[in-house]
Amino acid sequence: MAVDSSKTAPVKEFPLGIDETTEDDYASLSKLLQEFINVSSIDKAWVFKSGNGIVSQAMFSLSQPNLLANKKRKFMLPASISKEGANNLNFQWGPFPIEMTGMSTIVPSPSGSKLLVVRNPENESPVQFEIWNSSQLEKEYQIPQSVHGSVYADGWFEGISWNADESLIAYVAEEPTPSKPSFDYQGYKKGATKEKDCSSWKGQGDWEEDWGECYAGKRQPALFVININSGKVQAVKGITKSLSVGQVVWAPQVEGTDQYLVFVGWSADPRKLGIKYCYNRPCALYAVKAPLYKSDAAEFDLKSIEESTMVNLTQNVSSAFFPQFSPDGKFLVFRSAKASVDSGAHSATESLHRIDWPTDGKICSSTKIIDVIPIVNCAEDGQFPGLYGSSFLTKPWLSDGCTMILSSYWHSYQVILSVNVLSGEVLRISPVDSGFSWNVLTLDGDNVIAVSSSLVDIPQIKYGCLFDEATNSTQWHWLDVASPIFRYSEKVMALLSSRQFSILQIPVKDVSGCLTKGAAKPYEAIFVSSKKSSEPDPLIVILHGGPHSVYSSSFSKSLAFLSSIGYSLLLVNYRGSLGFGEEALQSLPGKIGSQDVNDVLTAIDHVIEKGLANPSKITVLGGSHGGFLTTHLIGQAPDKFVAAAARNPVCNISSMVGITDIPDWCYMETYGSNGKSVFTDAPTDEHLSKFYSKSPISHISKVKTPTLILLGAQDLRVPVSNGLQYSRALKERGVETKVIVFPNDIHGIDRPQSDFESFLNIGVWFNKYCK
C-alpha cells in the first residue's frame, strides 16, 4: 500500500549534543544557570574623601557577563558614605550603574581629582588616553602604534602610576612593532619602513618568544611616561632590552635629587616560559631615573632621559614584586615568591619584605632587605599559616603609616590581615568564627570596605571599623552595608537557604613514611549539603588545579548552581594546596598521581563513613591539575564514580612536556625538588617514561566511568591534543565519552558563553547518571 509522504509526521531533529532524554534538562537547567551568572561582581573599588572630611565618595567597578556578545560588561556605580555614631552607617548609592564601553582600565589620581581612562584598540589603531575631571573630559590623546602598542591591563605586568603632582603617568605597554624585512619583485628591499606598501610585502623576520598562556601574540612589556599636559610620551631609557617590566610606581621625590621609578623586571634568560599563575619566574625590583620635563614648555628633558641608569634593588632575593611605598616615603615594601622560585613550585608560601628608602635620594644596589613576614613552614594550630595569593591595594595603609591591610588564604578561608611592616605583627581582622571568607576592596581612612560570602551565602558588602565607639575600645567590628549590587531572584535565594556547608578535617591516612610535621597534619575539605534531606544527595567531588592552589569558602556562582540542582559538594584541599604552610605544600611535588589521589580518596571515604554521601552516587569534577586528578581517579578507582567531568585536564605528561608553555612544571611535579636540575627542553627516554607513569593515561585500560571532557582549542598550558588523545582512547575502549571543544578559548574556558555552556553540560551530564 502506498503511503502519502506529505502526511507523515516529521522526525524531530535535536541540536548537536542534545537528545530527547536531555532536552528538557538542558532547558530547565539553562534557565536556572542564567539566574546565577547574570548577577554582577565587584572588580575594584576606590574611596575619596570630600572637602569636609565627613562624607566619603566611593566608586565601584562592576562587571556582568554579556552572553549574547560573549564579553563582560563593565560599569561603574558611585556611592556616598557617611558614618555618624557607633553603628550608624549610611551608604547612599547612585540610582543606576553607568556602563563603561570600550574601557580597558581606569586609574584615579592620588587626590581623586582626575581619572585616567585607557582604551586599547582591537586592531592596529592608536591607544586612547582620556583624562577626566569631576564634570567633563579634560584631555584626550591618541598614542600611535609607532610609539607603543596596547597598555598592559592584565593584573600582572599591569602598572599605571600617577606622580605626586599628577602631571605625569608612568605605565607599561607593548613595545612598538619591530621592523620586518620587506620584499618586492626585485627581492629584498633595503631601507624599508614599517609602513604598508602595495608594491611590496612584509616578511616574518625572527620569531619572538612570548610569556605563554594569556600573552600569545603580545609584544614585550616596556615602560613609558606620558605628560598629561602636553600628551608627549617617552619610553624610559636605561632598561636592559631583554627585561620584561611591570608593576611600576613612582619613588618619593627628594628635593635636589633625581626622580626615580621603581618597577618589577622579569628576565628572559634562558628563555620565556608561561608566566600566568606561575610565581616561580625569577624577578627583581629595579629603580631607573624617570624622564623629567621642562615645566615652561611641558616637554621632556632629553638630557635627563639619556643619562638614565637602572639599579637592581633586590639582588639578594630571587623574587620581588608588587612594590608599595609607605605614605611618608620612608620605606618600600614588596612581596616575594622566593619559596616558589627556589623550589620550582609554580606557587608557594610568600614572604613580605621592607627596604628603608634612602633619605638622600641616592639609590644603590646594596640596600639592606628586612624580613617583615617570613615563609611559614608549619604553623601551630590556630596560628598564622603564612602569606598567600593576593596583591596589594593601591592605598593599603592605615593612618599610622606603617600598617597595611590585605587579603590572604588561611586554610580553607580567605581572610583579611593587618600587617605592621615595622614590627612584623600580623593580625587576622576579619571575624574568626563567621565561617565566611572575606576579601578587602578598599580603605576609607582607617575603615575597611570588604566583601564577605560563603559557598551558600551570596556576597555582602561589609564596613570594618577599627575603633568600637560602643565599647570605647580599639578592636575591629563589622557593619552590614545594604547594597543593590548582589541581587538574586527569590527562587535562587530559596535554593541557597536550603543548603549548608562545613569545613572537614581529614586525617592523613598514612603517616608512617618520612613526613614533615606539616605534611602529617590533617588537610581540609569543604562539604556543602542540604539542610533537610533525610537521604544524602548525590555527591560531586570537586578538585582545584595547580596543584598549588586552594578552594576557599567564598561564593562561586558555578558551584552554587551545581549545589542548587540537588548535589552535595566536596571541595578537597589535598596536601599541596595553598594556605596550610610550606611543609604541607612541598610534600606533593614528586608524588603527583599518588599522594594527591590518595588524599582525595581518603576524603571521599571520610564523608561516606559519616553517612554524608551515598557511595553509589559519586561524581568527580576538576580542571587542569584537578582534571589530572579526575582522570587519575576514574582509572585508579574505577568502581568509585558514576560519572566524571574534566576541563582541560592533564592526561599525558609525556606528550604535554614538548608543547606546553610550562614544561618545567612537568619536571618539578614529577621529580620533586630535583626537577629544577633535571629540566631540559630535550627530554630523555627515561624522562618520558617517568612522565607517562605519573599520568592518568597509564591507567586508561581500567576506566569505565562515563566521562565528559571540555577543552579550549587555544589552550597553551595543557594543549587540546592532551584531552583529545585521552578521549579517543576512552572511546576506543567503549567508555561512554562526550567531548566539547571551545574553538576560541584558552586554559580557563572562561569566556561568558563557554563558561555557561561548560557548567550547563556538567549539570546535565551528572543528572543523566545520578537522577
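If only one of L495, L559, L571, L515 is out of contact with any helix residue (DSSP H, G or I) (no Cβ under 7 Å at 6 or more places or on another chain), hydrophobic (A, V, I, L, M, F, W, C), in contact (Cβ under 8 Å) with a residue 40 or more places away in the chain and in a helix (DSSP H, G or I), which one is it?
Every option except L559 fails the conditions.
Looking at W156, is it closer than 30 Å to S336 by Cα, of a type in the set (A, V, I, L, M, F, W, C) and touching a residue at least 24 places away in the same chain (Cβ under 8 Å)? Can you show your working first?
Details: closer than 30 Å to S336 by Cα: yes; of a type in the set (A, V, I, L, M, F, W, C): yes; touching a residue at least 24 places away in the same chain (Cβ under 8 Å): yes.
So W156 fits the description; yes.
Output the residues belonging to the range 102-136 that are without any contact (Cβ under 8 Å) to a residue 24 or more places away in the chain, surrounded by fewer than 17 Cβ atoms within 10 Å (Cβ to Cβ) and among the polar types (S, T, N, Q).
N123, S125, N133, S134, S135, Q136
Output the residue which, of all residues in the range 334-372 that are among the small types (G, A, S) and assigned to a strand (DSSP E or B), is farthest from F580 (Cα to Cα).
Here is the first cut: in the range 334-372, the residues among the small types (G, A, S) are 336-337, 339-340, 343-345, 347-348, 351, 361, 365-366.
Filter once more, so that each one left must be assigned to a strand (DSSP E or B): 336, 351.
Values: S336: 18, S351: 14 Å.
Checked the range 334-372; the qualifying residue farthest from F580 (Cα to Cα) is S336.
Name the pairs whose Cβ atoms lie under 6 Å apart, with the first residue in the range 646-667 and farther than 23 Å from R271 by Cα, the second acidic (D, E) and outside any helix (DSSP H, G or I), and 6 or more positions between them or separate chains?
From residues that are farther than 23 Å from R271 by Cα, the pairs are N648/D715.
Just to be sure before I move on: is S412 of a type in the set (S, T, N, Q), within 27 Å of the chain's Cα centre (by Cα) and closer than 16 Å to L393 by Cβ in the structure I sent?
So S412 fails the test.
So A713 fits all but one of (1) surrounded by fewer than 15 Cβ atoms within 10 Å (Cβ to Cβ); (2) touching a Lys or Arg at 6+ places or on another chain (Cβ under 7 Å); what number is the exception?
Evaluating A713 over (1) surrounded by fewer than 15 Cβ atoms within 10 Å (Cβ to Cβ); (2) touching a Lys or Arg at 6+ places or on another chain (Cβ under 7 Å) leaves (2) as the failure.
Give the residues of the range 518-537 that are under 30 Å from the mean Cα position of the chain (by Cα) and either free of Cβ contacts under 8 Å to residues at least 24 places away in the same chain or part of a helix (DSSP H, G or I) (or both), sorted by residue number.
G518, A519, A520, P522 - these are the residues of the range 518-537 that are under 30 Å from the mean Cα position of the chain (by Cα) and either free of Cβ contacts under 8 Å to residues at least 24 places away in the same chain or part of a helix (DSSP H, G or I) (or both).
Give S146, S135 a once-over and let me know the one that is within 29 Å of E195 (Cβ to Cβ) and at pLDDT below 95.
Matching residue, one of S146, S135: S146.
Here is a yes/no grid of residues against (1) more than 30 Å from G546 (Cα to Cα); (2) in the same structural domain as S326 (by TED's automatic domain parsing); (3) in contact (Cβ under 8 Å) with a residue 12 or more places away in the chain; (4) in contact with a strand residue (DSSP E or B) (Cβ under 9 Å, 6 or more places away or on another chain):
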position: A235; (1), (2), (3), (4): yes, yes, yes, yes
position: S244; (1), (2), (3), (4): no, yes, yes, yes
position: W250; (1), (2), (3), (4): yes, yes, yes, yes
position: V254; (1), (2), (3), (4): yes, yes, yes, no
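Is at least one residue of the range 335-343 crowded, with 18+ Cβ neighbours inside 10 Å, touching a helix residue (DSSP H, G or I) at 6+ places or on another chain (Cβ under 9 Å) and of a type in the set (D, E, K, R)? I'd like the intermediate steps shown before the answer.
Of the residues in the range 335-343, the ones crowded, with 18+ Cβ neighbours inside 10 Å are 335-341, 343.
Then keep just the ones that are touching a helix residue (DSSP H, G or I) at 6+ places or on another chain (Cβ under 9 Å); that gives 339, 343.
Still in the list and also of a type in the set (D, E, K, R): none.
Within the range 335-343 (the criterion being crowded, with 18+ Cβ neighbours inside 10 Å, touching a helix residue (DSSP H, G or I) at 6+ places or on another chain (Cβ under 9 Å) and of a type in the set (D, E, K, R)), the answer is no, since none of the residues qualifies.
Residues in the range 605-652 that are in a helix (DSSP H, G or I) and surrounded by 24 or more Cβ atoms within 10 Å (Cβ to Cβ): how many?
10
The values are calculated or read from the model by the stated rules, or taken from the named source; none is laboratory data. Because the structure is predicted, anything quoted here is derived from the model rather than measured. Backbone-built Cβ (ideal geometry, glycine too); neighbour counts: all protein chains shown.
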